[in-house]
Amino acid sequence: VILAPGNHDCDFSGDQDVRLAIIDLIKKKGGVIPEGYISTCVDTQKNFISFRNKFEKSSSILMDDLLWKSYCIELNGKKVVFDILNASWMSTKHEQQGGLIFPYERYISAKQSDADLRIVTLHHPLNWYNQTNYLKFRGFVHHLADIVVTGHEHQSSSRISDEANTGECAYVEGAALQTRD
């Protein structure tokens, strides 16, 4: 079982003033994001993280921090790497499309891998990211992954993208597992 956090995995109860101020500062200032800002923002996901940790096998974890977790699974002599990006670390109760930022620069070294197949999973599709971050982040993800799996929008779709600078990548946008009638 591999789980990626989404905005519905955040607990927005309690005082969110400091977290919201940090998110606003990140959006305005840009640049390197201090570790303390990240940990404050991810605090809304502590219940999800505890839940996820009960299901994962630590022997398959390659990398683990608050925004990125990588697993390697070997199948018939082939290595499959799953990169789980915490796209929802900046989610808010009433988030707006185009408001998310992912500090992909922290993970440039993640490009190196001897995987036979690399799957990047993130809850929010790339169109939810801030325009200052979007194009470079999209290029980074596209270059890293063979397959990108997203959700959030509750409508399924898939496509193959072949970009001049980053090559070919498949995109799978997942539908909702459960809907409310």
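Coordinate-derived values only; no laboratory data. Quick caveat: nothing in here was measured; it's all calculated off a predicted structure. In this analysis, Cβ positions are derived from the backbone assuming ideal geometry, glycine residues included, and neighbour counts consider all displayed protein chains.
The table for this structure:
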| read-out | value |
| --- | --- |
| Selected from 170, 5, 45, residue furthest toward positive end of dipole (the chain; charges at beta carbon) | 45 |
| Per-residue [θ]222 nm for the chain (sum of -39500 (n - 2.57) over DSSP H runs n ≥ 4, rounded to 500) | -7000 deg cm²/dmol |
| Three-way shape call for the chain based on the alpha-carbon gyration tensor, with the a/c threshold at 1.5 | rounded |
| Charge dipole (the chain, unit charges on Cβ, about Cα centre) - positive-most of 129, 75, 152 | 129 |
| Exceeding the 23 Å Cα-Cα cut-off - candidates 27/54; 54/78; 27/136 | 27/54; 54/78 |
| Highest-MSF residue in the chain out of 91, 39, 58 [GNM, Cα springs under 10 Å] | 58 |
| DSSP-assigned coil residues among trypsin sites (Lys or Arg not before Pro) in the stretch 64-125, each with at most 11 further Cβ atoms within 10 Å | 93 |
| Cα-centre dipole for the chain with unit charges at Cβ (Lys and Arg positive, Asp and Glu negative), debye to 20 | 140 debye |
| Long-range HN-HN contacts of residue 84 with modeled amide H, under 5 Å | 69, 70, 71, 121 |
| Point-to-point label distance, residue 2-residue 51, nm (Cα→Cβ direction, 7 Å offset) | 2.0 nm |
| By average C-beta atoms within 10 angstrom, highest first, the peptides 146-152, 28-34 | 146-152, 28-34 |
| DSSP beta bridge pairing in the stretch 1-145, given as percent antiparallel to the nearest 5 | 60 percent |
